[in-house]
Structures are given as C-alpha cells and as structure tokens.
Amino acid sequence: MSQIIAAVSTGNVVSAIGIIRMTGAGCAVVADKVFTRMNGKPLADAPERKLVLGDLHDAQGRVIDQCCAVFTPGPNSYTGEDTVEFHCHGSPAVLAAGLDALYRAGARPAQRGEFTKRAFLNGRMDLTRAEAVIDLIEAETAEAAANAAGQVGGRLQKKLEPVYSDLKDLCSHFHAVLDYPDEDIDDFRLNEYAGLLKKNGKTLEGILSTYQQGQILKRGVRAAIVGKPNVGKSSLLNALAGYERVIVTEVAGTTRDTVEETVKVGNVMMRLVDTAGIRDTDDRIEAMGVERSRRAIENADLVILMIDGSQPLSKEDGEVIELCEELENVIVLLNKADKKAVVEPGDLPFMCIIRCCAKTGEGLDLFADTVEEMFAGEAPCDGSILTNARQFDAIRRAYEALTSALRGLRMGFTPDAVLTDVEEAMEAMGEVTGATVREDITARIFERFCVGK
Ligand SMILES: Nc1nc2c(ncn2[C@@H]2O[C@H](COP(=O)(O)OP(=O)(O)OP(=O)(O)O)[C@@H](O)[C@H]2O)c(=O)[nH]1
Ligand SMILES: [Mg+2]
C-alpha cells in the first residue's frame, strides 16, 4: 500500500487561498487528527467532493486556521487514491503549520510530481497526459496552455493508441506465420501488412512534423536584432517591449552587450535579443559585444536585420548583409521611415523587406503579420502539436523502425526480420505512452514537476 503524502499545492506567496493536498489510502483518518468539522463528524462521512468547514489545528489542539476541507475517495480522484484537500487562508505561515500538523499525524512530504506520478502509476493517465500537466503549469502563452490542455485531455494519446494497436495486430499475425512456417504469407496479406505500415508511418510523420512548431510554442522564437551601430535596433526592442527596456542615444555604439527580452509579436512569443551594432572597433569592450552579436546570429531562429533607410548603404551595412545573406529566416527592417527614403528594397539581396519607424511604430503591424506567417505554424494549438523532446525522439525511432519494416517487407525479407522492426517500433511507442518506459526515465520525468503536483 502506498504511503500517505502531503504538500502545499499553491505557491509560497501570500494569497487569498492556499491549498494543502494529501493523498493515499486512509488519508481521511489522518485528516481527522488535525481537522475538526463544525458538526464534529469524521471527514469521510462528509459528502464526497464537497467543501466542508472546520478548524485546522495542531496536535495540541491549537487552531491554525478556520478552513474548508474536501474529501475525494479513490479511485475517482486525480491520483486514483483517497485524497483530501484543505483550502486554507493563503498565508505561507498557515500553510507551513498545517502541513507540519499533517506530517506529525502520519503523512510524509510529497516528492516533486509525486501526485501526478501516482496518477500515472495507478492508470489514471498515460505518460503523454502526465507530461502535459507540467507543460500546462509552465505555459507562458495562452496558445502553449491550450496545446498542453489538449494533451492533458488525451489528444496525443488518442492519436498514438490506434498506431500501437495496429502494430500489435501486425505482430500477432507475424508470430502466427512464424509458428506455422509451412503456410506462406500470400500476396494479399503482404499488401495488407504494407498498407498498415504505410498508414501508421504517415500518422507518425504527421505528428513529428509539428515538432518545430512545438519548439517555438514552448520556448518562443529566438530572434536577434542585428545591424550596424545607430540604425535603431534598441529603439525597436523598446517599441516591441512597450517600455524603455534599453538605453537609446544618438551615439553609435550605445549597446555594448546583448540584451534579452521576451515579447509577444502578434500571436508569437519571441525571445528578442538586442545586440551591439556590428563594426570594426578598437574598443575592447565593444569588440566583445560585436563578437556576441555574431554568436546571436548563429543561435537565432529569426534574424531581424536593421538598416537605416534614410542613409546610403555603407561598407558596415555591407558586412552585416553578408553575414545574413545565406540565412533561412531574415526579415529586413528599413528603419527611420519618417525621414526621406534613400535605400530601396531592390538594393538589397533579401526577399522580406519592410519599411518601418521604430520611433512611431509605423510598419510594426506588418512586421507582426510577417512573423506570424513565418512562425505561427499550421497545426491548431489543441494538443496536436508535439512539444516534448523525449516524445519526439521516441516517435522518431518508432517511425524509422516502421520505415525499415516496410522496406524489409517490400524487399522480401523473412517475417522474423520484419517482425524485429515492428517490435522495435512498438517498444519506442510504449516509451511515449508509458507502456514500456523504464523506471529511471519515469523518475526523471516527474522530477521536472513542482512539489504538490
Ligand atoms: N528619425 C528616427 N530616428 C530613429 C528611429 N529609430 C531610432 N532612431 C534614433 O536613432 C538613434 C540610434 O537609435 P538606437 O536605437 O540607439 O540604435 P542602435 O541600433 O541600438 O544603436 P547601437 O546600440 O549604437 O548599435 C537614436 O537617436 C534614436 O532616437 C526612427 O525610426 N526614426
Ligand atoms: Mg543599441
């Protein structure tokens, strides 16, 4: 029988309400030692899943808080086990005292993610849903939250389940063939197998194709604003951030170091990096900043190349243009559109060029539309997007094993060789859903969680 665990599930800050959660068979009895209902009856007699008022007190009977408690018997609780929650006044001191009282009454401290780990081990959710819980807690945008919520609801699991089930059928057919070697697989069956492998390979390919979008959804677009000094890079960062995040002056070489800020451009979360203007310089500190600017270009998903459109292109502009020319994702901003335009888009070797004014914000709407077009992605944020590196790796291995099985089948390999590939694919799929995942990996997954979840 699992032990009774308890933790504060809300943050360690003063708030209106704070929640202590406890789970494990018999936890209502532990609760009765520290919580006295207004009517004096045991908590287990209270209506299930309904808040009841009472006093939370320590072992000596000293009242810690007047609060509500709710009892949810297993197996229909989050963890699948009996669960009690105390909805207290949200003082960290109250919550710490309440938790201490529960420890003294028989509960032990919960480890990180232990509630969700129990939910997984008790079959309340598969691993895709359990992992999405942490994504939901950590979501930084509504879109990321919506996608994680979809996966908590089982969208990814539902896509993977039929694939796993088809592979299981295939394996059993192959085993039958191997057990009765005199019966050849006829062409009809071979075509059927090949069709099944192809169909499921396509499903996995479709899921894998969303991963890049998932990366962007989860961590945002890493975007470096680059250009020669004084073109308005820092002014752009400030305009997008909506406040004076960095110093702007008319002195070339104002920004010495890279400065990061997270902003939302349209629907897309961006990790914007303002960089030191790129030029040859004898100033040691500025030169170090320029080196960092070059590195920011290498690490960026998007380079925003800024040019002062009111000045003729200079040798320094040319050097930055050369650095960016071969990159996949570049948006050129011809800044200072409030002044007479001297540079024309046709003068530049780029496709995506927008005139703008960082001072007034002119042109930034078009910039936002362009960013959305480049990065918003096509899959809906409803759980369809794969965001998790571990899941991506396992699904990729399953896909490769299926491709290899299909190749083997077409080349007339013996059934046992094809079977090995299909079993490998099943094993990898099982790692995603948790059906075959190793215990040490499970432990690592739940260590990412916070205590109390
Ligand atoms: N007229 C006009 N001036 C601008 C515009 N954007 C920026 N500036 C001015 O250009 C000067 C340089 O702006 P910054 O934003 O500091 O330029 P920067 O590219 O970050 O410069 P460094 O940090 O030195 O590389 C400041 O005086 C800004 O007020 C614009 O759209 N129009
Ligand atoms: Mg600057």
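Which aspartates and glutamates have a Cα lying under 19 Å from the Cα of LYS117, excluding residues fewer than 8 positions away in the same chain?
Cross-link targets: GLU81, ASP82, GLU85, ASP126, GLU131, ASP135, GLU138, GLU431, GLU439, ASP440, GLU447.
Once each part is reduced to its C-alpha centroid, what is the distance from the range 19-37 to the range 343-382 in angstrom?
Spelled out, the Cα-based centre of one part sits 56 Å from the other.
Using the count of nearby Cβ atoms within 10 Å as a rough guide to exposure, how do LEU53, LEU127, LEU313 rank from fewest to most?
Exposure proxy ranking, most exposed first: LEU53, LEU313, LEU127.
How far is helix 92-105 tilted off the main Cα axis of the chain, in degrees rounded to 10, range 0 to 90?
It works out to around 30 degrees.
Might you report the magnitude of the Cβ-based charge dipole of the chain about its Cα centre, with Lys and Arg at +1 and Asp and Glu at -1, to the nearest 20 debye?
Numbers: 51 positive and 70 negative charges, 365 e Å.
So the dipole magnitude of the chain works out to roughly 1760 debye.
Quick check: net charge around ARG396, other residues with Cβ under 14 Å of its Cβ, Lys/Arg +1 and Asp/Glu -1? It would help to have the intermediate numbers written out before the result.
On the way: positive: ARG390, ARG397; negative: GLU205, ASP393, GLU400, GLU424, GLU427, GLU431.
Residues close to ARG396 contribute a combined charge of -4.
Can you pull out the GluC sites (Glu not before Pro) in the range 316-413 that DSSP calls coil and that have at most 11 other Cβ atoms within 10 Å?
Details: sites: GLU316, GLU319, GLU322, GLU325, GLU326, GLU328, GLU362, GLU372, GLU373, GLU378, GLU400; in loops: GLU325, GLU326, GLU328, GLU362, GLU378.
Counting only loop positions with at most 11 other Cβ atoms within 10 Å, the GluC sites (Glu not before Pro) in the range 316-413 are GLU326, GLU328, GLU378.
Quick one: what does P(r) look like for the range 74-183 with 10 Å bins over all Cα pairs, in whole %?
Going out from 0 Å in 10 Å bins, the range 74-183 shows 12, 25, 28, 17, 10, 5, 2, 0 percent.
Hand me the trypsin sites (Lys or Arg not before Pro) from the range 1-77 located in a DSSP loop with no more than 15 other Cβ atoms within 10 Å, in residue order please.
Values: sites: ARG21, LYS33, ARG37, ARG49, LYS50, ARG62; in loops: ARG49, LYS50, ARG62.
Here the sparse-neighbourhood loop sites are ARG49, LYS50, ARG62.
Whole angstrom only: what separates the Cα centroid of the range 258-277 from the Cα centroid of the range 92-109?
Result: 43 Å between the Cα centres.
Mean residue ellipticity at 222 nm from the helices of the chain, using -39,500 (n - 2.57) per DSSP H segment of n ≥ 4 over the full residue count, to the nearest 500 deg cm²/dmol? Present the calculation step by step, with values, prior to reporting the outcome.
Details: 15 runs with 206 residues, N = 453.
Computed mean residue ellipticity for the chain: -14500 deg cm²/dmol.
Let me have the relative contact order for the range 223-375, percent, based on Cα pairs under 8 Å that are six or more residues apart. Each step should come with its number before you reach the end.
Values: 293 pairs, mean separation 37.8, N = 153.
Relative contact order, the range 223-375: 25 percent.
Note down the net charge around ARG444, summing +1 for each Lys or Arg and -1 for each Asp or Glu among other residues with Cβ under 15 Å from its Cβ. Mind dumping the intermediate values first?
Working: positive: ARG112, LYS117, ARG390, ARG438, ARG448; negative: GLU114, GLU131, ASP393, GLU431, GLU439, ASP440, GLU447.
Around ARG444, the charge tally is -2.
Taking the Cα centre as origin and putting +1 on Lys and Arg beta-carbons and -1 on Asp and Glu beta-carbons, what dipole magnitude results for the range 365-453, to the nearest 20 debye?
Details: 9 positive and 17 negative charges, 76 e Å.
Using Cβ point charges on Lys, Arg, Asp and Glu, the range 365-453 gives about 360 debye.
Write down Rg/Rh for the range 5-110, rounded to two decimals, with Rg from the C-alpha atoms and Rh from the Kirkwood relation over Cα pairs.
Details: Rg = 12.2 Å, Rh = 13.2 Å.
That ratio equals 0.92.
Neighbouring Cβ atoms within 10 Å as the yardstick, rank VAL273, VAL342 fewest first.
Values: VAL273 25, VAL342 14.
By the 10 Å Cβ count, ascending, the order reads VAL342, VAL273.
Which loop-located GluC sites (Glu not before Pro) does the range 104-207 contain, where loop means any DSSP state but H, G, I, E or B and the Cβ has at most 13 other Cβ atoms within 10 Å? Intermediate results must be reported in sequence, preceding the final value.
Values: sites: GLU114, GLU131, GLU138, GLU140, GLU143, GLU183, GLU192, GLU205; in loops: GLU140, GLU183.
The qualifying sites are GLU183.
Tell me, for the chain, which Cys residues have no other cysteine's C-beta sitting closer than 4.7 Å.
Lone cysteines by the Cβ rule: CYS27, CYS68, CYS171, CYS324, CYS352, CYS356, CYS357, CYS381, CYS450.
For LYS198, list the aspartates and glutamates whose Cα falls under 17 Å from its own Cα; do not include residues on the same chain fewer than 8 positions away.
Counting by Cα, and skipping residues close in sequence, LYS198 has these aspartates and glutamates nearby: GLU161, ASP166, ASP169, ASP187, GLU400, ASP421, GLU423, GLU424.
I need the shape label for the range 258-390. Rule: rounded when a/c is under 1.5, else prolate if a/b > b/c, else oblate, with a, b, c from the alpha carbon gyration tensor.
Numbers: a/c = 2.01, a/b = 1.35, b/c = 1.49.
Taking the square roots of the gyration eigenvalues as a ≥ b ≥ c, the range 258-390 is oblate.
By its C-alpha gyration tensor, with a ≥ b ≥ c as the square roots of the eigenvalues, how is the range 1-48 shaped: rounded for a/c under 1.5, else prolate for a/b larger than b/c, else oblate?
Details: a/c = 2.63, a/b = 1.28, b/c = 2.05.
Cα axes put the range 1-48 in the oblate bin.
Counting other C-beta atoms within 10 Å, which of THR141, THR79 has the fewest, and how do the rest follow?
On the way: THR141 17, THR79 24.
Final ranking by Cβ density, sparse to dense: THR141, THR79.
Using only Cα atoms, figure out Rg for the chain and give it as a multiple of 2.2 N^0.38 Å.
Values: Rg = 29.3 Å, N = 453, 2.2 N^0.38 = 22.5 Å.
It is 1.30.
Quick check of the Kirkwood formula: for the range 157-314, what is the inverse mean of 1/r over all pairs of different Cα atoms, in Å? Before the final figure, lay out each step's value.
Details: mean 1/r = 0.0500 Å⁻¹.
Result for the range 157-314 stands at 20.0 Å.
Quick one: work out the % antiparallel among DSSP beta bridges in the chain, nearest 5.
Values: 34 of 54 bridges.
Restricted to the chain, the bridges split so that about 65 percent are antiparallel.
Taken together, the values in this text are just the output of simple stated rules run on the coordinates, not laboratory data. Being a predicted model, the structure only gives us computed values, none of them experimental. Using ideal geometry, Cβ is built from the backbone for each residue, glycine included, and neighbour counts are taken over all protein chains shown.
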